[in-house]
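First up is the structure itself, then whatever we jot down about it.
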Protein chains: 2
Amino acid sequence: MSEALIKRIKELEADLEKLKSQLQERSEAGDDVELMSNTSPNEDTHCKLNSNTTTSSISSKKGNKASKARAFDFSANPRRHVALRLAYLGWSYQGFAVQENTDNTVEARLFEALLKTRLIQERQTSNYHRCGRTDKGVSAFSQVITIDLRSTQFCGGLGVTVPEHVVAGAKNKANGSELPYVKMLNRVLPQDIRVLDWAPAAEGFSARFDCQSRTYRYYFPRGSLDVTLMADAAKRYEGTYDFRNLCKMDVGNGVLQFERTILSASVKPVRPQLISGVDQYDLFMFEIKGLGFLYHQVRCMMALLLLIGQKLEAPEIINQLLDVKSNPRKPQYSMAVDYPLVLHDCHFEGLSWKQETEEVTHVLSTLQQHWTQSAVRTHVLHGMIQGLEARGGVSSNHCSLIEGSRQRNYRPLLERPCCESLESRINHFVKRGRLEREEGESGGEMVLRGKRSKHSHSSPGLPAPSEMPLANKSTHQQAEPLLTGE
Amino acid sequence: MSEALIKRIKELEADLEKLKSQLQERSEAGDDVELMSNTSPNEDTHCKLNSNTTTSSISSKKGNKASKARAFDFSANPRRHVALRLAYLGWSYQGFAVQENTDNTVEARLFEALLKTRLIQERQTSNYHRCGRTDKGVSAFSQVITIDLRSTQFCGGLGVTVPEHVVAGAKNKANGSELPYVKMLNRVLPQDIRVLDWAPAAEGFSARFDCQSRTYRYYFPRGSLDVTLMADAAKRYEGTYDFRNLCKMDVGNGVLQFERTILSASVKPVRPQLISGVDQYDLFMFEIKGLGFLYHQVRCMMALLLLIGQKLEAPEIINQLLDVKSNPRKPQYSMAVDYPLVLHDCHFEGLSWKQETEEVTHVLSTLQQHWTQSAVRTHVLHGMIQGLEARGGVSSNHCSLIEGSRQRNYRPLLERPCCESLESRINHFVKRGRLEREEGESGGEMVLRGKRSKHSHSSPGLPAPSEMPLANKSTHQQAEPLLTGE
């Protein structure tokens, strides 16, 4: 009996080893995410997918990291409230925010790096705020977070808190330079997540609440789209409107009012100087700047533009869907796919970004190598497409940027079945005891159970920070749906 | 004791499941190789890497396939000698030709498909010839093979052999249409390998020996390269020369003469109409057409062009390296990387390609979707690059298309150490008994041991087919190094 069991154990161990090496091999085959590395690019053209992935799933190592962190005496060092600006390619991640069911998020990697470099002791006490969440597949060029990091500035400085027990003496000499946060983090972050710069921030400054505006970009090829019509349509988004029909309602997370302000919205070619004629392979971008965005808002807005570009809807459909009195319920339609979306800018006033030029140049260099790979592959594909077209292959008009499969017969939006109304969703949560009516300044209103009225902090035009109180601090999944646009 | 063992077994089984799902997840995250599918693209934006990979490594399934094949009565059906034209993206494969140490080759997938569809009984008896081999990472738009496939043409036809024992009667009615080879194979091939068309071929027609010319393309971005100088340099390749200094000598495989003919060589923009000014992000291509190519020849030629484009060498270096009297030994230099190279065309006279337009349109459609993904990602990267340049990031001049790490100080080619001379390599193999001197038409000459003189079949300008006899038929690795250019 034991012999059979031992034999089975040996078989399983062998299988395990085999799968592990397959996993490793597959990691090494994953070119597209070896990005923005500080190492020499040509040393290994097929770098590891994500150097931290395999280690992070082993709980014993996490234990080691945590105990290392505890061994370090954080209390002996100053703390500094800073803003960090990040860029990342979201294609290999399950989103920015930490999640319960997966370790594969940008934030998870970020916190591993912060802990490994001992810039923070632990997340819970790091005073961490993020400007916005990006969804699975969505990238960012300017994601900003604020956090308290270890500092060398015993003599104080903007955002610095010097430890109380520090004795006057050697440590109170004039400050040397601050820790090279950008370099320290980039050295340990995966290649496709980079810190671009940092800025000291006054106590209380919050990436989440002090963001002035956010800008997204959505890249798409012209194909057979009428981009002029799309540009006309995009302009109709500008202004302050109720966007409930252009988002995924997130009532369960406390999002109850859908009025948002779009500062600018445009559709234009990526490289204007090159546009001559009407080449289906030209790339365009939808660029949108707003104060705050609802969940999946930008992707819904893009979906409408794609329908308009295909002449399946008229530009007026935008005005109609923004008219929630006439159209209180959202027609069922799929949003645009994730990978072309980039959180391009999060704008803050009063931050003085300390760029480390060498770091920026490193990132630039690696980005250029990966651009090269990507651009070359794009042209290999393009060359084959041209070859097939020359042989009589018929070009497809299918727009592959809208999720879901292609419908045989198009059904106009206003003739489609609708999603639940806002009121219906609210009642749903009231019945489950998660929302309750509360008397407030504006009369009867809905708030999440046990939380303050959402209007107690709001100022016109800015999203109310208290609207999405964290129901459960340990899962950040419920934070700031208001501020995301994906 | 048993309890502990059982517990261990359970743990291992759980780990195995976990790794399997990680492997699956990682496969699903590998976007870049889900290509040229016949299924709806949007059903699953993150398709499996290579649907045949996981099954092919399980030997029991191979056994099943083989026994299925044997159960089918091939001898009852006509055979047809055909040419198949393939396109594939080589980025996920370890090359075209079957190898001993890996299953991950284009040919391996091709033969799985041929066996699964019962178009052949087994490789050994299928009369298979291939036009050329492409190396790991290299793609092809027109790879041609010839092979004998099952046919429905009992009444005969070009290339058809009707079974001798077929009785006159029902089966001798007028032929219906031939088997839809293209569709049958594409249905079972992985998404990044496609059959484009087929042609009936006369008995004896060989993809290997009857190829009139081969055309390669190498795509590259302008960067800071002087493309005018490169275009001038490329022209110097045209003609018939001894290319021993521009290839990886493969004496061990019987390649003993290095004279080849280049019919045309050029460097030009991919999209000429768009070139205005000198944008580093413009794409160019090196296109080269020849009768036959040596091992890694095109990549060596490209490496020289890149050095010339960077003004590290003058265009005259080409003439110098083609002058094997003055420069009998190759200076040590790295070749260009693999992924931008495409075997664009293999030209044959006398073949009548039977294109299935529906199939071509399918391939086109899927190629376009993947072009979209690739082009969008390219522009996401480009947008970030522009953003960093705007912030003062300094663009790197490093040309990432040459293998190996960047040298701090450039050393001119003619001042570098050289590789072994041809004579030295020949002596090396003579000593080991693998080559022997043999009296031939041209006086004393070297041939692989036991094989006929290489000059017995040659015609000027064409590679001698008998030059690379298969030392071991079961490993095709030694076949046709002469005909490859990578």
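The values are calculated or read from the model by the stated rules, or taken from the named source; none is laboratory data. All figures in this text were calculated on a predicted structure; none of them were measured in a lab. Here Cβ is always computed from backbone atoms with ideal geometry, including for glycine, and neighbour counts include all displayed protein chains.
Among the residues of segment A:88-114, those that are under 25 Å from A:Phe209 (Cα atoms) and in a helix (DSSP H, G or I) comprise A:Gly90, A:Val106, A:Glu107, A:Ala108, A:Arg109, A:Leu110, A:Phe111, A:Glu112, A:Ala113, A:Leu114. Scanning segment A:386-396 for residues that are surrounded by 13 or more Cβ atoms within 10 Å (Cβ to Cβ) and under 18 Å from A:Gly223 (Cα atoms) gives A:Gln386, A:Gly387, A:Leu388, A:Glu389, A:Gly393, A:Val394, A:Ser395, A:Ser396. Just checking, does segment B:227-238 include any residue being among the acidic types (Asp, Glu) and more than 30 Å from A:Asp279 (Cβ to Cβ)? Yes, segment B:227-238 has at least one match. For the residues A:Lys311, A:Lys289, the requirement of being under 30 Å from B:Tyr281 (Cβ atoms), in contact (Cβ under 8 Å) with a residue 24 or more places away in the chain and among the basic types (Lys, Arg) singles out A:Lys289.
Selection of segment A:171-211 for residues being aliphatic (A, V, I, L, M) and surrounded by 15 or more Cβ atoms within 10 Å (Cβ to Cβ) yields A:Leu179, A:Val182, A:Met184, A:Leu185, A:Val188, A:Leu189, A:Ile193, A:Val195, A:Leu196, A:Ala199, A:Ala201, A:Ala207. Annotation note: Cβ proximity below 6 Å between a residue of segment B:254-268 that is without any contact (Cβ under 8 Å) to a residue 40 or more places away in the chain and a residue that is assigned to a strand (DSSP E or B) and among the charged types (D, E, K, R) (sequence gap 6+ or interchain) occurs for B:Glu259/B:Asp242; B:Ser264/B:Lys289; B:Ser266/B:Glu287.
Selection over segment B:341-378 of residues that are within 7 Å of another protein chain (Cβ to nearest Cβ) and either hydroxyl-bearing (Ser, Thr, Tyr) or without any contact (Cβ under 8 Å) to a residue 60 or more places away in the chain (or both) gives a count of 12.
The residues of segment B:125-139 that are under 18 Å from B:Leu351 (Cα atoms) and either aromatic (Phe, Trp, Tyr) or in a loop (DSSP other than H, G, I, E, B) (or both), listed by number, are B:Asn127, B:Tyr128, B:Cys131, B:Gly132. Every test in (1) more than 14 Å from every other protein chain (Cβ to nearest Cβ); (2) of a type in the set (S, T, N, Q); (3) over 30 Å from A:His370 (Cα atoms) is passed by B:Ser266 save one, and that test is (3). Could you tell me whether B:Phe111 is within 30 Å of B:Val342 (Cα to Cα), aromatic (Phe, Trp, Tyr) and surrounded by fewer than 23 Cβ atoms within 10 Å (Cβ to Cβ)? It is true that B:Phe111 is within 30 Å of B:Val342 (Cα to Cα), aromatic (Phe, Trp, Tyr) and surrounded by fewer than 23 Cβ atoms within 10 Å (Cβ to Cβ). Has segment B:294-302 got at least one residue that is within 14 Å of chain A (Cβ to nearest Cβ) and either surrounded by fewer than 23 Cβ atoms within 10 Å (Cβ to Cβ) or within 15 Å of B:Leu341 (Cβ to Cβ) (or both)? Looking for residues that are within 14 Å of chain A (Cβ to nearest Cβ) and either surrounded by fewer than 23 Cβ atoms within 10 Å (Cβ to Cβ) or within 15 Å of B:Leu341 (Cβ to Cβ) (or both), one finds at least one in segment B:294-302, hence yes.
Taking (1) within 14 Å of chain B (Cβ to nearest Cβ); (2) in contact with a strand residue (DSSP E or B) (Cβ under 9 Å, 6 or more places away or on another chain); (3) among the small types (Gly, Ala, Ser); (4) buried (at least 20 other Cβ atoms within 10 Å of the Cβ) in turn, A:Ser334 satisfies each apart from (4).
Looking only at residues that are within 30 Å of the chain's Cα centre (by Cα) and of a type in the set (Asp, Glu) in segment A:379-436, which one is nearest to the other protein chains (Cβ to nearest Cβ)? Result: A:Glu403. Pull out all pairs, ordered by first then second residue, where Cβ-Cβ is under 9 Å, the residues are six or more apart or on different chains, the first lies in segment A:227-253 and is farther than 13 Å from A:Arg299 by Cα, and the second is acidic (Asp, Glu) and assigned to a helix (DSSP H, G or I). From residues that are farther than 13 Å from A:Arg299 by Cα, the pairs are A:Ala233/A:Glu316; A:Arg236/A:Glu316.
Of all residues in segment A:125-158, those being surrounded by fewer than 19 Cβ atoms within 10 Å (Cβ to Cβ) and touching a residue at least 24 places away in the same chain (Cβ under 8 Å) number 5.
Filtering segment B:397-434 to residues that are touching a His at 6+ places or on another chain (Cβ under 9 Å) and without any contact (Cβ under 8 Å) to a residue 12 or more places away in the chain leaves only B:Arg406. Taking the criterion of being on the phi > 0 side of the Ramachandran plot and either charged (D, E, K, R) or at pLDDT 95 or above (or both), the only residue of segment B:214-246 that qualifies is B:Gly239.
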